[in-house]
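First comes the structure, then the notes that go with it.
The values are calculated or read from the model by the stated rules, or taken from the named source; none is laboratory data. Keep in mind the model is a prediction, meaning the values are calculated, not measured. In this analysis, Cβ positions are derived from the backbone assuming ideal geometry, glycine residues included, and neighbour counts consider all displayed protein chains. When the accessible area is computed, the model is the full protein with side chains, heavy atoms only, and any ligands, DNA or RNA have been set aside. Shrake-Rupley method; radii C 1.70, N 1.55, O 1.52, S 1.80 Å.
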Amino acid sequence: MIAISHCSKSYPSQNGEPAIPVLAGLDLTINDREFVCVLGPSGCGKTTLLRLLAGLVLPDAGELTIDGRPITGPSPECGLVFQDFALLPWADVLANVAFGLEVRSVPPAERRARAQALVDAVGLAGFERHYPRQLSGGMQQRVGLARALAVDPAILLMDEPFGSLDSQTRRALQEDLLRLHHQNRKTVVFVTHSVDEAVRLGDRIVLLSARPARVEEIIEVGLPRPRPDDLGTSPRFVGTKEYLWKRLKRQAAAGTGANVI
Amino acid sequence: MPGGRTASRRSGSGAMTRRVVTRTAWRVASLAVLLGLWELAGRTVDTLLLPTASATVGALWHLAGTREFWSALWISHQAVVIGFPAAAVLAIPAGLALGRWTALDRWLDVHLSMLLVTPKSAIMPLIVMALGLGLMARGVTVFAFAFPVMVATTRAGLRDIDGRLLEMARAFGATELHVWRRILLPGTLPAVATAVRLGLAQAIAGLVAVELLLVAVGLGHLILTFQADFDAASVYAVVCVVAAEAALLIRVATLAERRIGAWRGDAVHT
C-alpha cells in the first residue's frame with residue numbers, strides 16, 4: 001500500500017523570488033494491485049507526485065510510505081516508465097530492457113533470458129538488436145515498458161507514458177498495458193492529462209486541483225476488467241468521461257479566476 | 001517486414017557509396033583546379049618566391065630521395081609521438097572528471113579557460129627556457145598545444161549527455177560505476193573521438209611552430225634552410241608534406257569518429 005499524507009513540495013524559482021509551491025498538503029492512499037490514474041490540468045504537479053513516489057525528490061513536509069516504510073530514495077519496488085522514453089541511444093533493445101537487471105546485479109544469463117521474455121511480452125520479438133533510433137515512438141515506449149517490468153517491481157510508476165504518441169499507437173499501447181496488467185497485477189500509478197485514457201485504464205481516477213495540487217476528487221471508474229471491446233460506447237464510460245470533462249473545465253475556469261484576483 | 005528492412009538498408013548503403021564517390025570526385029576536381037591555377041600563376045608572375053606547382057612536385061620528388069628529408073620527418077615526429085599520446089592520456093580523463101564533478105570544475109575551469117585562450121606560441125619560449133632545446137621541449141610544446149582543446153571537447157561531450165538518462169539510471173538504483181559504464185562513457189565516446197581529431201590538428205601545428213620559431217630541427221630546420229637558400233619550391237614541398245599528413249590523419253580520425261558515433265545515426269530506418 002502506498003500512503004501519502006500531508007505531502008508538500010515547492011521548487012525554488014529563479015531570480016531569488018519565493019519558491020513555487022507544487023504540492024500543498026496532498027493526501028492519497030493507493031491499494032496494492034490497484035490501477036490509479038492521476039489526472040489534472042497541465043503543470044499542476046502530477047509529475048512531481050510521481051517523482052516523489054519514485055524517490056527521485058523528497059517532500060518538504062509530510063510523509064510518503066510504501067507498506068509503512070518511508071520513501072527515502074529510489075526503491076527496487078518501483079519501476080518507472082518515462083514520458084520521453086529515456087532509452088540509451090547507444091544500446092540495442094535487449095540491452096536497454098536489461099538495464100535495470102544489470103544495475104541489480106542479476107547474472108548475465110538470467111538477465112538475457114528475462115530481458116528476452118519481456119521483449120517478447122511487449123511484442124518486440126525480432127527487434128532485439130535494433131537501436132532506439134531505428135524504432136518508432138510506440139516501439140520505443142514498448143522498450144521503456146519492458147525495461148520497467150523486467151525488474152518485476154511491485155509498483156509501476158508511469159509518467160504520461162503515451163503522451164507523445166499518435167492516437168492509434170496510443171490505443172495499441174493502452175490495450176497492451178491492460179493485457180499485461182491483467183496477466184500480472186501490479187500497483188500502477190499512471191499520470192495522464194487525457195480523460196479518455198484515465199477512464200479507459202484506471203480502477204480509480206485521482207483528480208488533482210490546479211497548482212499547488214491537492215486531491216480534488218477521487219472517482220471510482222467501476223468498469224469491468226478485462227475491459228469490454230465495446231467500451232467506447234458503454235454508457236458508464238461515456239458518462240464518466242463527460243463528468244470528468246465538466247470537472248476539469250470548471251477547474252480551469254476557477255484557475256483563471258484565481259489568477260485574475 | 002524484416003526482408004523489407006534489409007532491402008531498404010542495402011539500397012541505402014548503395015546510395016551512400018555513390019555519395020562518397022561523388023564527393024571524392026568533387027574534391028579531386030577542386031584540387032586539380034587549384035594546382036592548375038597555381039601552375040599558371042607561377043609561370044606568369046615569374047618570381048623566386050612563388051614556385052610553380054610542377055617545380056614543387058619536382059622538389060618533392062627530389063626531397064623524397066634524400067636521407068636528410070626522412071631523418072627530418074622522423075625527428076619532427078618524435079615530438080608528436082611523445083607529446084600527443086601524453087596529452088590524450090591526461091586530457092581525456094581530465095575532461096571526463098571536470099564534466100562529471102562540478103565542484104572540481106568550479107576550481108579548475110578558470111585555468112582551463114586561460115589555457116584555451118592563451119596563444120600557444122606565447123608559452124613556447126617559457127618551455128624552451130625551462131627545458132632547453134631538446135626533444136623534451138618539443139614534446140612538451142606538442143602537449144601544450146593539444147591538451148587544452150582535448151579537455152574542453154571531452155568535458156563538453158560529457159555535459160551534452162541527456163540529463164533524463166541520468167535520472168532514469170538513478171530511478172533504477174544505478175551506482176556511480178554503472179552510470180559511468182552504461183551512460184557517461186558510451187555517451188562521451190563520440191566527443192572523445194572529436195577531441196582526438198582536434199588535438200591531433202593542434203599537435204601538428206605545435207610541432208611546426210616550435211621548430212620554425214625556436215628549436216630549428218627536423219622539418220622546421222629543413223624549411224628554414226631552404227628559405228635561406230631561396231629554394232621556394234622545396235619550402236613549398238615540405239609545407240605540402242605537413243599539410244597532406246595533417247589532412248590524412250584528420251581524415252582517419254573523422255572516420256573513426258563516425259564509426260564510434262554510429263548510434264547517433266544519419267538515417268532513420270523505420
Can you say whether residue B:32 is surrounded by 13 or more Cβ atoms within 10 Å (Cβ to Cβ) and modelled with pLDDT of 85 or more, as far as the supplied structure shows?
no
Applying the selection to segment A:86-117, what residues are open to solvent by 30 Å² or more (accessible area, probe 1.4 Å), part of a helix (DSSP H, G or I) and within 12 Å of chain B (Cβ to nearest Cβ)?
A:95
In segment B:81-106, residue farthest from residue B:204 (Cα to Cα) [restricted to those that are over 22 Å from the mean Cα position of the chain (by Cα) and open to solvent by 30 Å² or more (accessible area, probe 1.4 Å)]
B:103
Quick test of your reading of the structure: residue B:46 fulfils all but one of (1) more than 28 Å from the chain's Cα centre (by Cα); (2) among the acidic types (Asp, Glu); (3) modelled with pLDDT of 80 or more; (4) open to solvent by 60 Å² or more (accessible area, probe 1.4 Å). Name the failing condition by number.
(3)
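Residue by residue, here is whether (1) of a type outside the set (Ser, Thr, Tyr); (2) under 30 Å from residue A:152 (Cβ atoms); (3) touching a Ser or Thr at 6+ places or on another chain (Cβ under 7 Å) holds:
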{"position": "A:178", "(1), (2), (3)": "yes, yes, no"}
{"position": "A:188", "(1), (2), (3)": "yes, yes, no"}
{"position": "A:197", "(1), (2), (3)": "yes, yes, no"}
{"position": "A:220", "(1), (2), (3)": "yes, yes, no"}
{"position": "A:226", "(1), (2), (3)": "yes, yes, no"}
{"position": "A:238", "(1), (2), (3)": "yes, no, no"}
{"position": "A:243", "(1), (2), (3)": "no, no, no"}
{"position": "A:247", "(1), (2), (3)": "yes, no, no"}
{"position": "A:250", "(1), (2), (3)": "yes, no, no"}
For residues in segment A:1-29 being open to solvent by 40 Å² or more (accessible area, probe 1.4 Å) and assigned to a loop (DSSP other than H, G, I, E, B), which is farthest from residue A:204 (Cα to Cα)?
A:17
Within segment A:227-246, identify whether any single residue is open to solvent by 40 Å² or more (accessible area, probe 1.4 Å), closer than 21 Å to residue A:43 by Cα and of a type in the set (A, V, I, L, M, F, W, C), and answer yes or no.
yes
Across segment B:61-80, what is the number of residues that are open to solvent by less than 90 Å² (accessible area, probe 1.4 Å) and either within 28 Å of residue B:124 (Cβ to Cβ) or outside the structural domain of residue B:228 (by TED's automatic domain parsing) (or both)?
11
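Taking residue A:199 as the residue in question, decide whether it is assigned to a helix (DSSP H, G or I) and either open to solvent by 10 Å² or more (accessible area, probe 1.4 Å) or touching a helix residue (DSSP H, G or I) at 6+ places or on another chain (Cβ under 6 Å) (or both).
In short, yes.
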Taking the conditions exactly as written (modelled with pLDDT of 85 or more and either part of a helix (DSSP H, G or I) or open to solvent by 20 Å² or more (accessible area, probe 1.4 Å) (or both)), does residue B:203 satisfy them or not?
yes
When every residue in segment B:226-270 that is modelled with pLDDT of 85 or more and aromatic (Phe, Trp, Tyr) is compared, the one surrounded by the most Cβ atoms within 10 Å (Cβ to Cβ) is B:236
Return the residue satisfying two criteria in turn: it lies in segment A:33-68 and is in a loop (DSSP other than H, G, I, E, B) and within 14 Å of another protein chain (Cβ to nearest Cβ), and of such residues it is farthest from the chain's Cα centre (by Cα).
A:58
Is it the case that residue A:145 is open to solvent by 10 Å² or more (accessible area, probe 1.4 Å), not β-branched (Val, Ile, Thr) and not in a strand (DSSP E or B)?
no
Across (1) more than 8 Å from chain B (Cβ to nearest Cβ); (2) assigned to a helix (DSSP H, G or I); (3) open to solvent by less than 60 Å² (accessible area, probe 1.4 Å), residue A:73 clears everything bar (2)
